[in-house]
Amino acid sequence: MKTWIGAAAVAAAALLAGCAGLNSVTADVSSYGSWPAERAPGTYAFDRLPSQQARAAETERLELAARPALEKAGFTPAAAGQSPDVLVQVGARVTRAEQIVWDDPMWWRGGWGYWRHSPWYGPGPYWGPGYMDRVARYEGEVALLLRDRASGQPLFEARASLDSNRGLDDPTLAAMFAAALLDFPKTGVNPHRVVVPLAPDAR
């Protein structure tokens, strides 16, 4: 669980993250590999680990979220019965953390026996419109690994992570995969910050 500097900082960070989340996703991206300079993206197919095969519905959700990013990078799905040029493995994780804001002294109205309020409470010993007893934060990460199908050699790996007040819904997953492949086939300073828009119908 993260350590927060103060209640006002928590509220401000949550508000800013929420506003940014309406239109875009900000992610920290790390990429590795040595994609041959002369090699075109080509065709792809997803490759599932045994554990992913056992969770087919979850894995299909990740694959659907990654498809637009792969195709924007120049890849096309291999036709049925066609051997793909590359195999793609995808993964994701999310951790939810809650900070009970009563742990912060700024949320005290006074000494023992008083109600605890937000900095915007109204008069009287009642919870006002600004009442909020906890703040949820999500740490999420997606990852892609591209392998040459013929040799099995890893060619490109990318990860994108974020810390926000929204979970990893489908639009956010798609935006994170887009961030992970935004610089493909280049690799750069790791990590570096990337801002990508959410799909219009996801805002």
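The values are calculated or read from the model by the stated rules, or taken from the named source; none is laboratory data. Note that the coordinates shown come from a computational prediction; the quantities given were computed from them, not determined experimentally. Ideal geometry is used to build each Cβ from the backbone, glycine not excepted, and the neighbour counts take in all protein chains shown. Ligands, DNA and RNA are stripped out before the accessible areas are found, and what is left, the full protein with its side chains, is counted by its heavy atoms. Shrake-Rupley method; radii C 1.70, N 1.55, O 1.52, S 1.80 Å.
Among the numbered criteria (1) open to solvent by less than 70 Å² (accessible area, probe 1.4 Å); (2) out of contact with any strand residue (DSSP E or B) (no Cβ under 9 Å at 6 or more places or on another chain); (3) farther than 16 Å from VAL25 by Cβ, which one does ALA150 miss?
Evaluating ALA150 over (1) open to solvent by less than 70 Å² (accessible area, probe 1.4 Å); (2) out of contact with any strand residue (DSSP E or B) (no Cβ under 9 Å at 6 or more places or on another chain); (3) farther than 16 Å from VAL25 by Cβ leaves (1) as the failure.
Being part of a strand (DSSP E or B) and exposed (fewer than 14 other Cβ atoms within 10 Å of the Cβ) is the filter here; which residues of the stretch 76-89 pass it?
The one that is part of a strand (DSSP E or B) and exposed (fewer than 14 other Cβ atoms within 10 Å of the Cβ): THR76.
Can you tell which of ALA92, ALA69, ALA65, ALA73 is within 30 Å of ARG159 (Cβ to Cβ), at pLDDT below 95, in contact with a Leu (Cβ under 6 Å, 6 or more places away or on another chain) and surrounded by 17 or more Cβ atoms within 10 Å (Cβ to Cβ)?
Criteria check complete, one pass: ALA92.
Within the group ALA178, ALA199, which residue is open to solvent by less than 70 Å² (accessible area, probe 1.4 Å) and either over 13 Å from the mean Cα position of the chain (by Cα) or under 18 Å from SER34 (Cβ atoms) (or both)? Walk me through it before giving the result.
Working: ALA178 fails: either over 13 Å from the mean Cα position of the chain (by Cα) or under 18 Å from SER34 (Cβ atoms) (or both).
When all the criteria are applied, what remains is ALA199.
Identify, from the list LEU162, LEU173, LEU168, the residue that is assigned to a helix (DSSP H, G or I), modelled with pLDDT under 95, surrounded by 15 or more Cβ atoms within 10 Å (Cβ to Cβ) and not acidic (Asp, Glu).
Numbers: LEU162 fails: assigned to a helix (DSSP H, G or I); LEU168 fails: assigned to a helix (DSSP H, G or I).
Just a single option satisfies the conditions, and that option is LEU173.
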